[in-house]
Amino acid sequence: MDMLAVMSPAAARTEQTRIAIEGRQGCATVGERVVWLTRREAQLLDYLVARRGAVVRREELQLRIWGAIIPGHQDRSLDAYVLRLNQKLGAVAPGATFIHTHHATGYRLEPTVSREERS
(Lines give C-alpha, C1' and ligand atoms only; values in the text may rest on other atoms or scores of the structure.)
Protein backbone atom coordinates (compact mmCIF):
# COMPACT_ATOMS: atom_id res chain seq x y z
CA MET A 1 0.00 0.00 0.00
CA ASP A 2 1.31 3.43 -0.92
CA MET A 3 0.26 6.58 0.93
CA LEU A 4 -0.28 10.05 -0.50
CA ALA A 5 -1.49 13.15 1.28
CA VAL A 6 -3.58 16.05 -0.03
CA MET A 7 -5.15 18.99 1.67
CA SER A 8 -8.74 18.28 2.56
CA PRO A 9 -10.90 21.14 1.25
CA ALA A 10 -13.48 20.55 3.97
CA ALA A 11 -10.88 20.52 6.74
CA ALA A 12 -8.77 23.23 8.28
CA ARG A 13 -6.03 24.52 6.00
CA THR A 14 -3.31 22.65 7.89
CA GLU A 15 -5.16 19.34 8.09
CA GLN A 16 -4.43 16.65 5.51
CA THR A 17 -6.43 13.68 4.29
CA ARG A 18 -4.53 10.45 3.80
CA ILE A 19 -5.04 8.63 0.55
CA ALA A 20 -4.01 4.99 0.42
CA ILE A 21 -3.56 3.69 -3.08
CA GLU A 22 -3.93 -0.06 -3.22
CA GLY A 23 -3.82 -0.52 -6.98
CA ARG A 24 -3.01 -4.22 -6.85
CA GLN A 25 -6.01 -4.82 -4.58
CA GLY A 26 -8.34 -2.98 -6.93
CA CYS A 27 -9.15 -0.05 -4.65
CA ALA A 28 -7.99 3.26 -3.29
CA THR A 29 -8.88 4.53 0.18
CA VAL A 30 -9.40 8.26 0.64
CA GLY A 31 -9.68 9.02 4.34
CA GLU A 32 -11.96 6.17 5.33
CA ARG A 33 -13.83 5.92 2.02
CA VAL A 34 -13.01 3.12 -0.41
CA VAL A 35 -13.03 3.68 -4.17
CA TRP A 36 -13.33 0.44 -6.15
CA LEU A 37 -11.40 0.23 -9.38
CA THR A 38 -11.57 -1.96 -12.45
CA ARG A 39 -8.57 -4.20 -13.13
CA ARG A 40 -7.24 -1.82 -15.79
CA GLU A 41 -7.80 1.27 -13.58
CA ALA A 42 -5.95 -0.46 -10.75
CA GLN A 43 -3.04 -1.36 -13.06
CA LEU A 44 -2.81 2.20 -14.32
CA LEU A 45 -3.00 3.73 -10.86
CA ASP A 46 -0.46 1.27 -9.45
CA TYR A 47 1.99 2.08 -12.26
CA LEU A 48 1.59 5.84 -11.76
CA VAL A 49 1.96 5.50 -7.98
CA ALA A 50 5.28 3.73 -8.48
CA ARG A 51 6.43 6.77 -10.51
CA ARG A 52 4.69 9.43 -8.40
CA GLY A 53 5.69 12.99 -9.30
CA ALA A 54 7.31 12.04 -12.61
CA VAL A 55 5.73 12.54 -16.01
CA VAL A 56 5.10 9.09 -17.50
CA ARG A 57 4.96 9.05 -21.28
CA ARG A 58 1.77 7.87 -22.99
CA GLU A 59 3.68 5.21 -24.92
CA GLU A 60 5.16 3.77 -21.73
CA LEU A 61 1.71 3.51 -20.15
CA GLN A 62 0.20 1.96 -23.26
CA LEU A 63 2.98 -0.63 -23.42
CA ARG A 64 2.85 -1.47 -19.70
CA ILE A 65 -0.93 -1.51 -19.28
CA TRP A 66 -2.22 -2.58 -22.72
CA GLY A 67 0.86 -4.41 -23.98
CA ALA A 68 1.13 -2.36 -27.18
CA ILE A 69 1.92 1.17 -28.29
CA ILE A 70 -0.79 2.79 -30.37
CA PRO A 71 0.77 5.47 -32.62
CA GLY A 72 -0.40 9.05 -32.35
CA HIS A 73 -3.65 9.83 -30.60
CA GLN A 74 -5.78 7.40 -32.58
CA ASP A 75 -6.81 5.52 -29.46
CA ARG A 76 -8.27 7.55 -26.61
CA SER A 77 -8.57 4.64 -24.17
CA LEU A 78 -5.76 5.90 -21.96
CA ASP A 79 -7.34 9.36 -21.78
CA ALA A 80 -10.68 7.81 -20.85
CA TYR A 81 -9.13 5.75 -18.05
CA VAL A 82 -7.28 8.75 -16.63
CA LEU A 83 -10.49 10.81 -16.71
CA ARG A 84 -12.44 8.02 -15.00
CA LEU A 85 -9.77 7.59 -12.30
CA ASN A 86 -9.77 11.33 -11.57
CA GLN A 87 -13.58 11.30 -11.39
CA LYS A 88 -13.71 8.30 -9.05
CA LEU A 89 -11.02 9.61 -6.71
CA GLY A 90 -12.38 13.15 -6.91
CA ALA A 91 -15.86 11.95 -5.91
CA VAL A 92 -14.56 11.19 -2.42
CA ALA A 93 -12.09 14.09 -2.31
CA PRO A 94 -13.96 17.05 -3.86
CA GLY A 95 -11.73 19.61 -5.50
CA ALA A 96 -8.75 17.27 -5.69
CA THR A 97 -7.03 16.30 -8.91
CA PHE A 98 -4.83 13.25 -8.77
CA ILE A 99 -3.54 12.63 -12.28
CA HIS A 100 -2.36 15.62 -14.30
CA THR A 101 -2.15 15.64 -18.09
CA HIS A 102 1.02 16.90 -19.76
CA HIS A 103 -0.14 17.71 -23.29
CA ALA A 104 1.33 15.45 -26.00
CA THR A 105 3.68 13.89 -23.42
CA GLY A 106 1.97 11.86 -20.74
CA TYR A 107 0.58 11.91 -17.21
CA ARG A 108 1.85 12.70 -13.71
CA LEU A 109 0.39 11.48 -10.42
CA GLU A 110 0.55 14.28 -7.88
CA PRO A 111 -2.58 15.01 -5.85
CA THR A 112 -3.50 18.70 -5.67
CA VAL A 113 -6.53 20.68 -4.55
CA SER A 114 -7.92 23.51 -6.64
CA ARG A 115 -7.52 27.05 -5.27
CA GLU A 116 -11.29 27.51 -5.10
CA GLU A 117 -11.64 24.48 -2.82
CA ARG A 118 -8.86 25.65 -0.48
CA SER A 119 -10.43 29.00 0.36
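The values are calculated or read from the model by the stated rules, or taken from the named source; none is laboratory data. Just so it is clear, the model here is predicted, and its values are computed rather than measured. Glycine gets a Cβ as well: all are built from the backbone with ideal geometry, and neighbour counts include every protein chain shown.
Check whether at least one residue in the range 50-72 is under 20 Å from Gly31 (Cα atoms), surrounded by fewer than 16 Cβ atoms within 10 Å (Cβ to Cβ), within 12 Å of the chain's Cα centre (by Cα) and modelled with pLDDT under 90, and report yes or no. Within the range 50-72, one or more residues are under 20 Å from Gly31 (Cα atoms), surrounded by fewer than 16 Cβ atoms within 10 Å (Cβ to Cβ), within 12 Å of the chain's Cα centre (by Cα) and modelled with pLDDT under 90. Applying the set (1) of a type in the set (Gly, Ala, Ser); (2) surrounded by fewer than 15 Cβ atoms within 10 Å (Cβ to Cβ); (3) modelled with pLDDT of 85 or more to Gly90 leaves exactly one unmet item: (2). Evaluate the following for Ala91: is it small (Gly, Ala, Ser), without any contact (Cβ under 8 Å) to a residue 60 or more places away in the chain and not in a helix (DSSP H, G or I)? For Ala91, the condition - small (Gly, Ala, Ser), without any contact (Cβ under 8 Å) to a residue 60 or more places away in the chain and not in a helix (DSSP H, G or I) - is not met.
Does Gln62 meet the test of being free of Cβ contacts under 8 Å to residues at least 24 places away in the same chain, polar (S, T, N, Q), outside any strand (DSSP E or B) and under 14 Å from Gly106 (Cβ atoms)? In short, yes.
Looking for something closer than 16 Å to Ser77 by Cα and either modelled with pLDDT under 80 or in contact with a Lys or Arg (Cβ under 8 Å, 6 or more places away or on another chain) (or both) - is there at least one such residue anywhere in the range 15-37?
Checking the range 15-37: at least one residue is closer than 16 Å to Ser77 by Cα and either modelled with pLDDT under 80 or in contact with a Lys or Arg (Cβ under 8 Å, 6 or more places away or on another chain) (or both).
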